[in-house]
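Only one structure is covered here, and it is reproduced in the block below.
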Amino acid sequence: MIVSNLKVTINGNNILNDINFSLNNKDKVGLVGVNGSGKSTLLKALKNLIDKESGSIKTDNESIGYLEQEIPNYYNDYTIIDYIKKNIGIDVLEEKLYKLENNLTEDVMEEYSDVLDKYIALDGYNFEDNLKIILSGLKFNENIYDKISILSGGEKIKVLLSSLLLQNTDILLLDEPTNNLDIEAITWLENYLKSLNKKMIIVSHDEFFLNNIVSKIFELSDGKILEYNLSYNDYLLKKEEEYNQMLNSYNSLKDQKEKLKKELIRAKQWANKGNKKAFNDNDKLANNYAKEKTNNKNISKISSALENLEIPDFKEKEKININLDFDSSKGNRDIILENLVCGYDTFKTPVINLIIPFGNKVMIEGKNGSGKSTLVKTILCEIEPLSGKLIIGNDVRIGYISQDTLSENTNSTILEYLTKDKEDINLSKIFILLDKFNISYEDKDKLYRSLSPGQRTRVNLVKMALDKTNVLVLDEVTNRLDKDALELIYELVQEYKGTIISISHNRKYNEIFSPNIILNIETGKVEYKK
């Protein structure tokens, strides 16, 4: 694949300005960049799912597979196997083969041969066995004849991945393939992709996943591609080195400018002293004239140096000290699950006995569809337990952030979002908190939905502070966050002094989170660490 001068404009905005790169020798590439930089747009353009304004994409007849992000609702009544067959086109080929084989004449032999070749290319005769192998590797427990409608978000991603991998394309475009996947499935997918002798471009904010697969990085910034022939870890080290060099250069230029300003002030002060001439003394007058001329030259020289000193735009990394204060009262802030069973008519968890003393970090583990989010909804009192007791202390104030929170499409402004359902709110306190999290007063009227995920995370942290939250519930909050936003989440889970209840399949997050209570939702078993 060779991409030359690719430009994509959406709603009048230049998303991709001048994209140039080539995929060679079975390259496995990590595509990185801040949220909103155009990563998904680029993948869609490569797959020809959106129109390009200019430029070219040459593939030399290589087939391209693209990972869809969701299964449309109109497929809900399809069985899993029928959906995958339809998605990769094998259903049409089977139907054609059936008709041709039941009316096989010399006139249709050429068509039959063509259809058969396509069917064999997809390994159609082994399709069901291959599907079961991939689904088994992804730890998919449902029957392939079940309907799409009963699947969880993670299970649907597994179906989409299976559909893509069975297409046997030359190039794979993977946009966030690990979202909602459990850790066992992620590990299997890593090993599977590493074993494939195919070109691929992967967008992922799972640093472990990228580092285990890719050997080249495409950084998308300002609508252009920067290439790094490095592993993801080495790329991060390189970027840190580049940042430090730019920071040192920026600070050096700023210091140089300040020195020139001081020199200019001193030169002007000397010039003013020299202008106090004694006009009745010809020698002094001549001497002062010479000094004035010299001073003027110095002032001109320094002014010219100041004018020619260009300091490039440079944004230093924002430093945010996470400190969500809450009341120091001594009310009961513990949460106890006593013989708790939660779920619905068609699903229920095992019996759970769990004590969460205030200030602990709790990780809820389990495969996709095992009930992790169901338990969270029960703790949030959104659904009633099927049996047992949920005992929440009288001074527990729960704050909830999920991937849905960070993708919410509300029309509220930041200020409206923060003051919703609040009476007699102290606006000055809001503005102080916004400033603390590097959100300016002028931004208060921005729409929440226009913010990047990182900015949304900050706004939600302000909301937690306003609510004096002392228990945080975090459900897959790392999905689709760029590196800067992830760093904010990492700092939050390290610095927060209250209770945190978390669900995550992001291995770096889990390593940093370092829970001291682990609940396996599949068995109900609880592990308390010292």
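Per-structure values
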read-out	value
Two-decimal Rg/Rh across segment 101-192, once Rg and the Kirkwood Rh are taken from alpha-carbon atoms	1.10
Relative packing of peptides 503-514, 237-248 - highest average C-beta neighbours within 10 Å first	503-514, 237-248
Accessible area (Å², 1.4 Å probe, nearest 10) - R480	90
Between segment 380-406 and segment 412-479, the Cα center-to-center distance that results, in Å	21
At most 12 other Cβ within 10 Å, DSSP loop - trypsin sites (Lys or Arg not before Pro), segment 382-456	K420, K422
Relative frequency of Cα-Cα separations exceeding 20 Å in segment 344-414, percent	42
Sequence of F209, F358 from largest to smallest accessible area, 1.4 Å probe	F358, F209
Residue-level accessible surface for I383, protein heavy atoms, 1.4 Å, Å²	40
Cα centre as origin, Lys/Arg/Asp/Glu Cβ charges: segment 390-443 dipole, Debye	180
Distance from segment 94-128 to segment 164-211 (C-alpha centre basis), Å	31
Within the accessible area of segment 39-175 (1.4 Å probe), percent carbon and sulfur	42
With all protein chains modelled, accessible area of S387 [1.4 Å, Å²]	50
Segment 1-129 - Kirkwood radius from inverse mean 1/r over Cα pairs (Å)	18.1
Cleavage-rule hits (trypsin sites (Lys or Arg not before Pro)) in segment 82-133: DSSP loop, at most 15 neighbouring Cβ within 10 angstrom	none
Theoretical ellipticity at 222 nm over the chain - DSSP helices of four or more residues, -39500 (n - 2.57) apiece, nearest 500	-13000 deg cm²/dmol
Relative packing of peptides 254-264, 490-500 - highest average C-beta neighbours within 10 Å first	490-500, 254-264
Under 14 Å from the Cα of K58 - aspartates and glutamates, other chains or at least 8 residues apart	D170
Globularity index of segment 425-485, i.e. its alpha-carbon radius of gyration over 2.2 N^0.38 Å	1.16
Accessible heavy-atom area order of K156, K268, highest first, probe of 1.4 Å	K268, K156
Residue pairs, from the table K132/K216; K156/K468; K508/K529; K132/K367; K254/K497, whose Cα atoms sit over 28 Å apart	K132/K216; K156/K468; K254/K497
Rg/Rh ratio calculated on Cα atoms of the chain (Kirkwood radius)	1.11
Options N479, S514, A465, ranked by Cα towards positive dipole end of segment 424-530, top entry (Cβ charges)	S514
Solvent-accessible heavy-atom area per residue, rounded to whole Å², over segment 140-198 at 1.4 Å	35
Between segment 218-267 and segment 1-60, the Cα center-to-center distance that results, in Å	27
Whole-number accessible area per residue in Å² for segment 345-421, which is evaluated in the context of all protein chains at 1.4 Å	51
Solvent exposure, largest accessible area first (probe 1.4 Å, DNA, RNA and ligands not counted), of E527, E384	E384, E527
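The values are calculated or read from the model by the stated rules, or taken from the named source; none is laboratory data. Model, not experiment: these values are computed from the prediction. As a convention, Cβ positions derive from the backbone with ideal geometry for all residues, glycine included, and neighbour counts pool all protein chains shown. To get the accessible areas, we keep the full protein, side chains included, count just its heavy atoms, and leave off ligands, DNA and RNA. Shrake-Rupley method; radii C 1.70, N 1.55, O 1.52, S 1.80 Å.
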